[in-house]
Amino acid sequence: MERTLVIADASPLIALASAGAFDLLRPLFGQITVPTVVRDEVCAGGSRWGAAEVRAAIDAGWILVEAVDVEDAPTGKLGRGEAGVLALARDRRDWCLVLMDDSAGRVRASP
């Protein structure tokens with residue numbers, strides 16, 4: 001059985017960490033992929049909610065980081081993180097699960 005690709009934006013990771021629920025992600029999805037721009041956004045400064053959790057998950061190998069060219073992404077009014085998630089989803093598979101709270105990003109991600 002092929003594993004579903006799960007790509008996360010920064011806001012859901014930060015929100016789950018701030019709610020003390022970050023540990024729900026691994027049992028739910030097994031592995032999550034984030035574009036480099038999302039990792040950088042969450043971990044910037046090192047003291048933001050989610051920074052320690054994301055770094056630990058990357059070190060443990062269940063959050064993978066992939067480079068993606070955000071400049072080629074169909075951004076519209078999206079931020080760099082959302083654009084990176086959508087570009088990665090577009091480049092990787094025909095179908096994947098995207099974790100994103102941005103309404104404009106969710107509209108663009110819909111088939």
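The values are calculated or read from the model by the stated rules, or taken from the named source; none is laboratory data. Since we're looking at a predicted model, the values are computed, not measured. Here the Cβ is made from the backbone with ideal geometry for all residues, glycine too, and neighbour counts use every protein chain on show. Please note that ligands, DNA and RNA were not included when accessible areas were found on the heavy atoms of the full protein model with its side chains. Shrake-Rupley method; radii C 1.70, N 1.55, O 1.52, S 1.80 Å.
Averaged over residues, the count of other Cβ atoms within 10 Å places the peptides 13-21, 38-46 in the sequence 38-46, 13-21, highest first.
For L25, the solvent-accessible surface with a 1.4 Å probe is about 10 Å², rounded to the nearest 10.
Database remark: amide H of L99 closer than 5 angstrom to the amide H of I7, A8, D9 (H placed geometrically; neighbours at sequence offset of 5 or more, or on other chains; Pro and chain starts carry no H).
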